[in-house]
Amino acid sequence: MSTQIKERPEVTDDPSTDDDAPKFFHYVKKNKIAESAVMGTHVVALCGEVFPVTKSAKPGSPVCPDCKKIYEGLRKGD
């Protein structure tokens with residue numbers, strides 16, 4: 001009886017793949033998230049990107065650097 005070993009192919013983070021996963025998560029108006037997720041409407045992120053909400057961010061998810069910079073520059077209550 002012989003044992004064969006299968007090697008796992010190397011996985012890389014290639015942004016050119018047609019993966020459904022977003023590269024970054026963006027900051028959008030809170031009241032628009034549910035509407036977009038249910039109705040399929042598009043939201044506008046702080047950085048200006050327009051897209052439908054299809055995934056929710058988990059703690060530690062990568063955040064759009066432009067959105068983060070704009071968000072940190074906002075005053076409380078804006």
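Scanning region 50-77 for residues that are assigned to a helix (DSSP H, G or I) and surrounded by 10 or more Cβ atoms within 10 Å (Cβ to Cβ) yields P65, D66, C67, K68, K69, I70, Y71. The residue that is modelled with the highest pLDDT, counting only those in region 1-43 that are farther than 21 Å from P62 by Cα and either surrounded by 13 or more Cβ atoms within 10 Å (Cβ to Cβ) or among the β-branched types (V, I, T) (or both), is T41.
The values are calculated or read from the model by the stated rules, or taken from the named source; none is laboratory data. Every value quoted in this text rests on a predicted model; they were computed, and no experiment measured them. We place every Cβ from the backbone using ideal geometry, glycine too, and count neighbours over all the protein chains shown.
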